[in-house]
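Notes to accompany the following structure.
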Amino acid sequence: MGDEAFIEVDGVEKVFDVRRRTGFLKRERRRVQAVDSISFRVARGEMVGYIGPNGAGKSTTIKMLTGILTPSGGRLRVAGIDPSRERTRLAHRIGVVFGQRTTLWWDLPLIDSYRLMHRMYRIPDARYRENLDRLVELLGLEDLLEVPVRQLSLGQRMRGDVAAALLHDPEVLYLDEPTIGLDVMSKARVRAFLRELNAERGTTVLLTTHDLQDIEQLCSRVMVIDHGRLVYDGALAGLHEVGESERMLVVDLERELPPIEAAPARVVKVEGPRQWLAFPASESAAALVARVAADHPLVDLSVREPDIEAVIARMLHSPAESAQVPREDVGRVIS
Amino acid sequence: MGAGRLYLAVAVGGFRRYATYRLATAAGVFTNTVFGVILVFTYLALWEERPGLGGYDQAQAVTYVWLGQCLFATLAIQGGGAEKELMERIRTGEVAVDLYRPVDLQLWWLAGDLGRAAFQLLGRGVVPFLFGAVFFPMTLPTDVGRWAAFTVTLVLAAVVSFAIRYLVALSVFWLLDGTGVNQALMIAGVFFSGMLLPLNAFPGAFGEVVRVLPWAAQLQMPADVLMGETGVSGALAFQAGWAVVLLAAGRALQSAATRRVVVQGG
């Protein structure tokens, strides 16, 4: 009691009974532990990234947080409400955006869906007008309001969906892959908007994504889930450290040469005059480039950031090392 | 109050969504008119052989045909209403989005489907019916009260029709694909609602059974009320009874279904 926790998850688990046909009229029952005793707290106004491989339990957690799934065990509260018991009451206070799904009326102009939200969430007229005007301006929807949703591009539709989720001033916004399939400009626009939303209105944001840049640009805190268990909860920087994440320097040389030697970087692949050097994410790329350039004929280069899946994969596969890392400033490693 | 406005907005949306597809509507009007003409001549030949079949004279048989064409799309007798979209949303898991909303799932889809039905009646049903009334002898009431009662039977027919299709759509939560049930729905709908032949004309015990099934509430009841072949209060009670039973069943199935919504991924 007394703490600022807006979302409280205590030892929550979800078990599914899956029936599978194993033969003619024969069924096998199998218990699948989708979420295995996870606990975390999110304070009001926090922006948290929630990541993990496909099937790790992310969506199940979000479905429990929004009340469309009932936990098999544990305690769960959002804004003091038990979501599965009072789904409809909670729905007025949360917003949900799926990158791959839409809440908008496909056949009708965008504005019709917004008018529906107006009625659905019983938004007072003045507030509806004000919010609509603000969202239309911030998300650049002026020219799209009269366009049927089916004619919108993916990026436009996504912005339309984000606006739809925010018309009723939700206190918490759940975003599931909000930038999936978007081009660079659209991604930047959605991210900039979310940052502003969080800064100015203090909206709590829980973001599920596979895009590391979403997390880097938006979230100060990351939670990693794998096989239904929370395996990391802390700062993004700490995640790299725990996961011993590596960046990749790709260099094009003038001609084929033997693998470059530049420890701590190591060559992981050679293809004609092109070589791939993996180096710790914590090392400076500039220093490495300078060293390589000093004694190799360099034509072109690029640095690739580690993708989040790789970081997590490495982290999950080296429990012994990661176990040594937990320090207060790095974050908790749970597992 | 607020809820009423919401579901009204949903119904208006349903109406407008179907109104967007003008070419499809025009094609539907044409099809129903042509089908009506074919059926009328078939019926006339049949009633020539069997006068008074099902208690109808020739003009009543013709009226029945055109009412059938008028209500064919309105009541989504062979499917193709809200349930089609709902099945697709369940199959893809998109129905989760609907569950995040502070609305009742069944009322939401009912409102949308009634909006659709209203459009199909005005945009697609009225023209074939008027065509029939102009070019063929029909039995139509002259008193306003009968027309009013007929209008009420239409609304109840639309609700019963929705309630049946909603149940069928929810089955996709378990079956994971709606192709099979859709076909069953289509055949049952066309046959049991009396699209092929008035249910009154079905003989013996089979006829007795068919006339008390919920599909009888769709075309047979409005037709008999319109032509004065049955008592108004009995027809309304029959329709309302089925509407309540089927909507309640839909509600029960819905709460069982939403408990397993997770199955369809992501």
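Since every read-out is calculated from the coordinates, none of them should be taken as a lab result. All values reported here derive from a predicted model rather than from experimental measurement. All Cβ positions, even for glycine, are placed from backbone atoms using ideal geometry, and neighbour counts span all protein chains on display.
Summary table
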item: Over chain A: helical MRE at 222 nm, DSSP H runs n ≥ 4 each giving -39500 (n - 2.57), nearest 500; result: -10000 deg cm²/dmol
item: Shielding score for A:100-108, defined as the mean number of other chain Cβ atoms within 10 Å; result: 5
item: Helix A:285-295 vs. chain A, principal-axis angle (Cα, 0 to 90°, nearest 10); result: 30 degrees
item: Within straight-line cross-link reach of A:LYS26, aspartates and glutamates at Cα separation under 18 Å, skipping those fewer than 8 residues along the same chain; result: A:ASP17
item: Trypsin sites (Lys or Arg not before Pro) restricted to the stretch B:104-208 and DSSP loop, no more than 10 other C-beta within 10 Å; result: none
item: Globularity ratio of the protein assembly as shown, using Cα Rg and 2.2 N^0.38 Å; result: 1.23
item: Straight-distance crosslink candidates among lysines, where the alpha carbon sits under 18 Å from A:LYS58 and sequence neighbours closer than 8 are dropped; result: A:LYS14
item: Between 0 and 90°, nearest 10: helix A:110-120 axis offset from chain A longest Cα axis; result: 60 degrees
item: Under Karplus coefficients 6.51, -1.76 and 1.60, residue-wise ³J(HN,Hα) of the stretch A:93-101 in Hz, glycine/proline x; result: 10, 10, x, 10, 10, 9, x, 9, 10
item: Residue among A:LEU257, A:PRO297, A:ALA286 farthest towards the positive dipole end of the stretch A:246-305, charges placed on Cβ; result: A:ALA286
item: Candidates per trypsin sites (Lys or Arg not before Pro) in the stretch B:182-266, loop by DSSP, up to 16 other Cβ within 10 Å; result: B:ARG259, B:ARG260
item: Residue of B:LEU175, B:LEU199, B:LEU154 that the Gaussian network model of chain B assigns the largest fluctuation, springs spanning Cα pairs under 10 Å; result: B:LEU175
item: Number of partner chain Cβ atoms within 10 Å, mean per residue of A:109-117; result: 2
item: Most positive-pole-ward Cα, B:VAL62, B:LEU75, B:GLY112, against dipole of the stretch B:53-189 from beta carbon charges; result: B:VAL62
item: For the stretch A:1-131, size of Cβ-based charge dipole, Lys and Arg +1, Asp and Glu -1, in debye; result: 760 debye
item: Those GluC sites (Glu not before Pro) in the stretch A:1-87 that DSSP places in a loop and that have at most 11 other beta carbons within 10 Å; result: A:GLU4
item: On Cα atoms only, tilt of A:308-317 relative to the major axis of chain A in degrees; result: 70 degrees
item: Formal net charge of residues neighbouring B:PHE30 (Cβ-Cβ distance under 14 Å; K, R +1; D, E -1); result: +2
item: Exercise: per-residue mean of other protein chain Cβ atoms within 10 Å, A:61-70; result: 3
item: Taking the stretch B:20-107 and dividing mean pair separation by its residue count, relative contact order in percent (alpha carbons under 8 Å, at least six apart); result: 20 percent
item: Whichever aspartates and glutamates have a C-alpha closer than 12 Å to that of A:LYS187, once near sequence neighbours (fewer than 8 apart) are set aside; result: A:GLU177, A:ASP211, A:ASP214
item: Anisotropy class of the stretch B:2-263 from Cα gyration tensor, a/c 1.5 cut; result: prolate
item: Residue with peak Gaussian network fluctuation, chain A [Cα springs, cutoff 10 Å], from A:THR70, A:THR208, A:THR22; result: A:THR22
item: Chain B: DSSP helices with Cα axial extent of at least 20 Å and average Kyte-Doolittle hydropathy no lower than -1.0; result: B:2-19, B:22-49, B:58-74, B:105-119, B:144-170, B:232-258
